[in-house]
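I have placed the structure first, in the form of structure tokens, so that the comments after it can refer back to it.
Read the figures in this text as sums done on the coordinates, not as results from a lab. Values in this document were obtained by computation on a predicted structure and should not be read as measured data. Quick reminder, even Gly has a Cβ in these numbers, built from the backbone with ideal geometry, and neighbours come from all protein chains shown.
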Amino acid sequence: MSAILAVATKEFQDGLRNRWFVSITAVFAILSLGLSYYGAAASGGEGGASLSSTIASLSSLAVFLIPLIALLLSYDSFVGEQEAGTLLLLLTYPLSKGQLLLGKFVGQGAIITLATVLGFGSAAVMIGLQSGFEGVFAAFGLFIVTATLLGLVFISVAYVISIAVNEKSKAAGIALLVWFFFVLVFDLALLAALVGVDDGLTQQGLVNVMMFNPADVFRLINLAALDSGDVNGVIAVAINSSQSISVLMTIMVAWVLVPLTVARVVFANKKL
């Protein structure tokens, strides 16, 4: 346990030193405060946006930003150390590969978690001061927990990439392709299947396919808690036949654990 904490502390301090923590928190805070304060103007309203509109807007924004930030934070965690020659040095210490992997995950996960809480929490406090805190913390609490899980999912995926390849540039390219696939291509392909194929997908079939994309699971959890009138398109169809929040949260946790387990197996069998 002490070895895992030592690695986690080093990763967290490296994140602070590289200004990852400050940058991520600032991006989340500025965008969430802007959406909360000026959200109503986009629909012709006055004053701050409603809680449901703010959560819907933040969900749409977070699904693009959080996977990208998590992948950029973690894609070189192992291949970068390997290229610099420090990975072998680390493993000469009384430290197993599993402890090194878990320590890095805890440290970088702490950066994403703290930045998410502070960045998006600032919008919750502002909305609470404007219109009262009733319902604000519950809605934002669910959003922040799922946003953190989404970040942890893509940190785990980045570890698989970083351990599987031997060049940092190749890891960066694959990480961007992974982000492009899950955030853009997956939903476009799903929409094409719905529109272009006769009797292609039922509502339940649509929901089942969306479980293979953690970004869609994240959106389903947050938007399912809103008035379905605020949501349209593929997501609205899915919400009407979606799983319960607890089932969706379990799927998100599985999306964190499965890639992390794969990374552990690949790392254990990797020759350095």
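In straight-distance terms, cross-link reach from Lys271 covers every one of the lysines whose alpha-carbon lies under 19 Å from its own, apart from those fewer than eight places away in the same chain; here that gives Lys97, Lys168, Lys170.
Each of Gly103, Trp179, Gly205 was scored by the projection of its Cα onto the charge dipole of the chain, and the greatest displacement toward the positive side belongs to Gly103; charges sit on the C-beta of Lys, Arg, Asp and Glu. Other residues whose C-beta falls under 15 angstrom from the C-beta of Leu90 contribute a net charge of -1, scoring Lys and Arg +1 and Asp and Glu -1. Taking Phe182, Phe218, Phe78 as the candidate residues, the one with maximal mean-square fluctuation in a Gaussian network model of the chain, Cα springs under 10 Å, is Phe182.
For a label point 7 Å from the Cα of Val145 along Cα→C-beta, name the residues of segment 242-272 whose backbone N is under 16 Å from it. Residues 244-256 fall inside that zone. In plain terms, the chain is cut at each of the GluC sites (Glu not before Pro) found in a DSSP loop with at most 14 other Cβ atoms within 10 Å, and the longest leftover piece is 168-272.
For the chain, the membrane-span-like helix rule (DSSP H, alpha carbon extent of at least 27 Å along the helix axis, mean Kyte-Doolittle at least 1.0) picks out 20-42, 51-74, 97-131, 136-164, 245-268; this says nothing about an actual membrane. An ellipsoid equivalent to the chain, defined through the eigenvalues of its Cα gyration tensor, has semi-axes of 34, 24, 15 Å when rounded to whole angstrom and sorted largest first. If only the Cβ of Lys and Arg carry +1 and only the Cβ of Asp and Glu carry -1, the dipole of the chain around its Cα centre is close to 1040 debye. Here each label is just a point 7 Å from Cα along the line to Cβ, and for Ile245 and Val185 those points are 3.4 nm apart. Note on the chain: with a GNM built from Cα contacts shorter than 10 Å, the maximum mean-square fluctuation among Ala164, Ala189, Ala62 falls on Ala189. Computed over the chain with a Gaussian network model linking Cα atoms closer than 10 Å, the most mobile of Gly128, Gly103, Gly119 is Gly128.
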